[in-house]
Amino acid sequence: MGSFYTSHTVRGPRQQAVLAHLNERRAFVSREQDGNLTVLDEASECQDPQVLGALGQSLSAFFACPVLALLNHDDNFLYLELYENGAKTDQYNSNPAAFSEDDEDGFGVPQGGDAARLCAAFGAADVGAVEAVLRDESFMMAVERHERLAEALGLPAFSVGLGFTYAEADDGVPENCFVRSAAAA
């Protein structure tokens, strides 16, 4: 069995401001690293892209910043949406055939993902490295793709492989990295 997790990487706002905004939600918010925070939201763990996207859109609109909403489903595929100033500007699915009813579909070719836009949103310079991660069909586990994407975009290592459920169980959480929202305390 692979990993199941969701996260939102937020560029710009301070940890305390995000915690205040998420006051009524059960969530964890990471410390800031290179201008980025990671939000681990309990409601998003249902693996519903609409729930994931709603929080991404809300955070992006409220803070007028980029937000990368990410979902890893059983390590079979990595799905992400980019929000900028409240608008969804990009979407990516590493394996669009994952829920196909045709057993012969197997793994699909990754779809979507604008490497230049992702780089611009998160201040990364190597568009080619991001593009290579998005298009590489050799990843066996979605968490590996997520790790390489985070490296290419300069996102914190603690943004990879961790969602609310894992944080709540203290499974793989770096010490002194995440703070619980008031609702999760």
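The values are calculated or read from the model by the stated rules, or taken from the named source; none is laboratory data. Everything numeric in this text was worked out from a predicted model, so none of it was measured. Positions of Cβ are generated from backbone atoms using ideal geometry, with glycine treated the same way; all protein chains shown enter the neighbour counts. Each accessible area value is taken on the protein alone, full model and side chains, heavy atoms only, with ligands, DNA and RNA left out. Shrake-Rupley method; radii C 1.70, N 1.55, O 1.52, S 1.80 Å.
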*asked:* Just the residues that are assigned to a loop (DSSP other than H, G, I, E, B), aliphatic (A, V, I, L, M) and open to solvent by less than 10 Å² (accessible area, probe 1.4 Å), please, taken from segment 60-72.
replied: none
*Could you identify the single residue in Asp41, Asp90, Asp75 that is on the phi > 0 side of the Ramachandran plot and open to solvent by less than 50 Å² (accessible area, probe 1.4 Å)?*
Asp75
*Within segment 38-57, identify whether any single residue is polar (S, T, N, Q), closer than 26 Å to His73 by Cβ and without any contact (Cβ under 8 Å) to a residue 24 or more places away in the chain, and answer yes or no.*
yes
*asked:* Testing Gln57 on (1) touching a helix residue (DSSP H, G or I) at 6+ places or on another chain (Cβ under 9 Å); (2) assigned to a helix (DSSP H, G or I), one condition comes back false. Which one is that?
replied: (1)
